[in-house]
Number of protein chains: 2
Amino acid sequence: MTDHFQKSIEMHKKYQWKLRMEAIVHIENRDDLSWAYSPGVAEPCREIAADPSKMYDYTLKSRTIAVISDGSAILGLGNLGHRASMPVMEGKCVLFKEFAWVDAFPIIIGTQDVEEFIQTVKNIADGFGGINLEDISAPRCFEIEDRLKAELDIPVMHDDQHGTAIVVLAGLINALKVTGKKKEDIRVVLNGAGAAGVAICKLLHLYGVNHFIACDTKGIIHQFRENLDISKQKLLEFTNKDNMTGTLSDAVVGADVFLGVSAAGALTGDMVRTMAPDSIIFAMANPVPEIMPELALAAGARIVGTGRSDYPNQINNSLAFPGIFKWVLKYGKKKITDEMKIRAAEALANYVVHPTVDMVIPGPFDPGIADVVAEAMAN
Amino acid sequence: MTDHFQKSIEMHKKYQWKLRMEAIVHIENRDDLSWAYSPGVAEPCREIAADPSKMYDYTLKSRTIAVISDGSAILGLGNLGHRASMPVMEGKCVLFKEFAWVDAFPIIIGTQDVEEFIQTVKNIADGFGGINLEDISAPRCFEIEDRLKAELDIPVMHDDQHGTAIVVLAGLINALKVTGKKKEDIRVVLNGAGAAGVAICKLLHLYGVNHFIACDTKGIIHQFRENLDISKQKLLEFTNKDNMTGTLSDAVVGADVFLGVSAAGALTGDMVRTMAPDSIIFAMANPVPEIMPELALAAGARIVGTGRSDYPNQINNSLAFPGIFKWVLKYGKKKITDEMKIRAAEALANYVVHPTVDMVIPGPFDPGIADVVAEAMAN
């Protein structure tokens with residue numbers, strides 16, 4: 001067991017839990033009891049019954065989001081079930097609190113049936129100001145998110161998709177500045193057509209990137225491939241316009257950018273050597289990236305980012321989600337739009353005043369990141 | 001608007017929320033991030049996947065209960081819907097924290113369909129160490145509680161039923177000591193056959209009270225009444241063995257104990273005058289009791305309790321629920337049995353060393369109440 005796994009077990013045994021409730025009002029006498037609970041509390045109840053929007057004035061709905069998972073795609077572990085996802089969800093709630101002073105509560109859902117999952121979330125949603133979906137497998141996650149966004153009147157975001165996409169775009173914006181490449185001209189290869197891959201492609205396309213090839217474990221996704229799921233079919237709407245076929249090795253020849261949300265070792269040094277000059281590689285598989293930074297740089301890459309904290313350019317979605325939901329709660333917003341995501345990415349990019357090959361993205365502990373993101377989305 | 005309603009609105013406007021999340025672990029550097037979240041957290045996830053009981057070692061399940069309502073029977077307000085119940089649920093969570101250092105999170109469920117409610121609660125239950133159901137209407141509450149108790153492996157308690165029953169039994173135990181009456185001999189009239197009434201009857205019967213008459217708004221519940229719902233039919237199994245008919249006025253003649261969980265003014269002074277000597281009256285309708293204490297005492301009652309804090313003998317279920325769930329979490333218990341409830345009631349009664357007519361039950365702010373209840377249940 002590697003060090004960080006061992007330490008995580010030790011610390012989880014020590015703390016046992018990472019999040020608890022704190023009463024903001026204190027019940028020290030009968031008067032406290034009578035306003036905070038019975039009988040006085042009947043009056044805010046009556047006002048909410050008459051006007052449900054008063055939940056935002058009188059309850060924790062105004063300040064609290066749910067972090068929800070069914071455990072079907074936990075980190076790099078896959079489908080270990082909802083119970084096993086709880087340490088991640090609880091940890092995510094801690095990050096919300098620590099990075100953005102956002103109150104978040106973890107909810108694990110004991111069904112992986114899409115319809116029942118949606119109905120369960122809808123049935124508990126009114127107590128929350130927003131919903132962060134987490135670690136839900138593709139392509140189920142697309143329908144779940146789309147339906148919940150359409151059917152609820154609070155913001156819903158699947159962070160594995162959009163949080164990741166925002167941070168990738170932020171890093172790419174600065175990588176283009178450093179390399180002098182133009183978003184309209186670059187050729188991008190995305191490897192890994194799961195939840196994050198689809199969201200990244202969509203957001204970069206909206207931002208103005210024109211030339212995409214997406215690959216999965218079977219190689220380049222093209223229109224003659226059989227049994228493509230709905231998300232891969234959607235990807236084809238704005239990738240691989242020349243209907244290229246072949247493997248990842250074929251796809252990367254001459255490419256400016258490689259974006260990996262796939263698996264350890266998927267990209268080789270030989271492949272990097274076939275890319276365009278000043279290539280940009282974000283190898284985001286965790287904990288072991290598609291290619292180690294040393295290898296990629298030795299093979300000619302100009303800029304390399306990974307999900308790891310022990311190398312430069314950590315592409316970490318903790319840069320995005322705390323600020324996104326801080327904004328949601330602060331301004332009582334109902335939707336998170338693509339335009340807001342692009343503004344958040346631009347703000348994250350601009351946080352780095354002088355981007356370099358070793359610094360295309362802020363670090364997760366840089367001060368004020370959540371506020372920068374929150375304010376960018378609000379403007 | 002009365003003072004406590006006005007004050008409650010003012011305080012809810014001031015605080016806006018009464019409960020928030022607190023991160024117990026702090027994320028100050030990359031090492032914290034790597035054990036509390038990615039990638040280290042994968043290891044507790046894997047251990048839980050292999051052995052779900054490890055949720056109690058590594059997550060807030062070990063310390064946290066859900067306070068759940070559908071808003072179908074809010075305080076004395078009736079069915080105002082789930083949203084309107086949120087100030088009560090949040091307040092209840094505050095009481096859990098303040099009285100017993102129990103972490104509780106409010107969940108409001110947006111359906112009043114029994115089957116869908118049950119399924120929703122089951123789908124979110126695995127994240128919690130116990131479930132406190134609250135403000136759910138009768139007779140739906142009986143099926144909901146029975147089913148969830150049978151189908152979940154964590155303790156489930158509808159507090160409106162059992163919390164109330166425990167505190168009533170505690171008060172009655174001391175009232176019998178003060179008046180010298182015997183539980184086997186007393187004649188008890190219960191008015192109000194809702195959730196609390198049924199639970200009170202059941203628990204007192206288990207404790208050894210033999211002679212019961214239960215009344216609802218139509219008078220004495222007897223076997224020739226038509227359209228009795230399931231809960232009233234169940235009540236008949238151990239009430240009204242002589243199959244008495246008539247009104248509440250008829251029922252109370254010669255009775256030793258009146259227990260009201262009904263509505264303001266249901267009991268008159270004239271009725272009290274027909275009761276047995278040294279009569280015991282717990283008039284628990286809120287905020288205005290079935291009879292005001294002054295009236296009851298003037299009509300000959302020996303001991304009068306109400307739900308109010310401005311009279312002696314406040315029958316308040318905040319005496320019971322914090323300690324009950326403190327015990328559940330402390331000892332990782334799976335069920336709350338009737339025997340435990342009786343022990344909790346006896347412990348609450350024994351807390352009052354020298355019961356008097358003005359003190360048959362502790363006050364909600366007496367020190368150590370939650371621990372007394374918790375330890376009694378554990379023994």
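The values are calculated or read from the model by the stated rules, or taken from the named source; none is laboratory data. Model, not experiment: these values are computed from the prediction. Neighbour counts are summed over all protein chains in view; Cβ atoms, including those assigned to glycine, are modelled from backbone coordinates with ideal geometry. We work out accessible area using only protein heavy atoms, side chains counted, and drop any ligands, DNA or RNA first. Shrake-Rupley method; radii C 1.70, N 1.55, O 1.52, S 1.80 Å.
Results for (1) within 21 Å of B:PHE128 (Cβ to Cβ); (2) of a type in the set (Val, Ile, Thr); (3) modelled with pLDDT of 95 or more, shown as yes or no for each residue.
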{"site": "A:ILE65", "(1), (2), (3)": "yes, yes, yes"}
{"site": "A:LEU75", "(1), (2), (3)": "no, no, no"}
{"site": "A:ARG83", "(1), (2), (3)": "yes, no, yes"}
{"site": "A:GLY91", "(1), (2), (3)": "yes, no, yes"}
{"site": "A:GLU145", "(1), (2), (3)": "no, no, yes"}
{"site": "A:ASP153", "(1), (2), (3)": "no, no, yes"}
{"site": "A:MET157", "(1), (2), (3)": "no, no, yes"}
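Look through the range A:153-168, keep the residues that are in contact with a strand residue (DSSP E or B) (Cβ under 8 Å, 6 or more places away or on another chain) and part of a loop (DSSP other than H, G, I, E, B), and return whichever of them is farthest from A:GLY363 (Cα to Cα).
The residue in question is A:ILE154.
Let me confirm something: among B:GLU43, B:GLU22, B:GLU28, which residue is within 7 Å of chain A (Cβ to nearest Cβ), over 28 Å from A:GLY127 (Cβ atoms) and either in contact with a Leu (Cβ under 8 Å, 6 or more places away or on another chain) or free of Cβ contacts under 8 Å to residues at least 40 places away in the same chain (or both)?
Going through B:GLU43, B:GLU22, B:GLU28 in turn, the sole match is B:GLU43.
Would you tally the residues in the range B:41-51 being open to solvent by less than 40 Å² (accessible area, probe 1.4 Å) and not in a helix (DSSP H, G or I)?
1
Looking for whichever is more than 7 Å from chain A (Cβ to nearest Cβ) and either among the β-branched types (Val, Ile, Thr) or open to solvent by 40 Å² or more (accessible area, probe 1.4 Å) (or both) here; the options are B:LYS7, B:LYS13, B:LYS54. Which one fits?
B:LYS54
Residue check: is B:ILE124 under 16 Å from A:ILE124 (Cβ atoms), more than 9 Å from chain A (Cβ to nearest Cβ) and not in a strand (DSSP E or B)?
It is false that B:ILE124 is under 16 Å from A:ILE124 (Cβ atoms), more than 9 Å from chain A (Cβ to nearest Cβ) and not in a strand (DSSP E or B).
Could you tell me whether the range A:64-74 includes any residue that is more than 7 Å from chain B (Cβ to nearest Cβ) and without any contact (Cβ under 8 Å) to a residue 60 or more places away in the chain?
There is no residue in the range A:64-74 that is more than 7 Å from chain B (Cβ to nearest Cβ) and without any contact (Cβ under 8 Å) to a residue 60 or more places away in the chain.
Can you tell me how many residues in the range A:66-101 are among the β-branched types (Val, Ile, Thr), in contact with a strand residue (DSSP E or B) (Cβ under 9 Å, 6 or more places away or on another chain) and within 21 Å of B:TRP35 (Cβ to Cβ)?
Residues flagged as among the β-branched types (Val, Ile, Thr), in contact with a strand residue (DSSP E or B) (Cβ under 9 Å, 6 or more places away or on another chain) and within 21 Å of B:TRP35 (Cβ to Cβ) within the range A:66-101 amount to 3.
Out of the residues in the range B:88-121 that are more than 7 Å from every other protein chain (Cβ to nearest Cβ) and outside any helix (DSSP H, G or I), state the one that is farthest from B:PHE5 (Cα to Cα).
The extreme case among them is B:ASP113.
Consider the range A:287-310. How many of its residues are within 20 Å of A:GLY163 (Cβ to Cβ) and either acidic (Asp, Glu) or over 14 Å from the mean Cα position of the chain (by Cα) (or both)?
Going through the range A:287-310 one residue at a time, the tally reaches 7.
If I ask for residues that are open to solvent by 20 Å² or more (accessible area, probe 1.4 Å), within 7 Å of chain A (Cβ to nearest Cβ) and of a type outside the set (Ser, Thr, Tyr), which ones from the range B:31-40 would you list?
B:PRO39
Which one of these is of a type outside the set (Lys, Arg), touching a residue at least 12 places away in the same chain (Cβ under 8 Å), part of a loop (DSSP other than H, G, I, E, B) and open to solvent by 40 Å² or more (accessible area, probe 1.4 Å): A:MET275, A:MET244? Before the answer, list the steps.
On the way: A:MET275 fails: open to solvent by 40 Å² or more (accessible area, probe 1.4 Å).
The unique qualifying residue is A:MET244.
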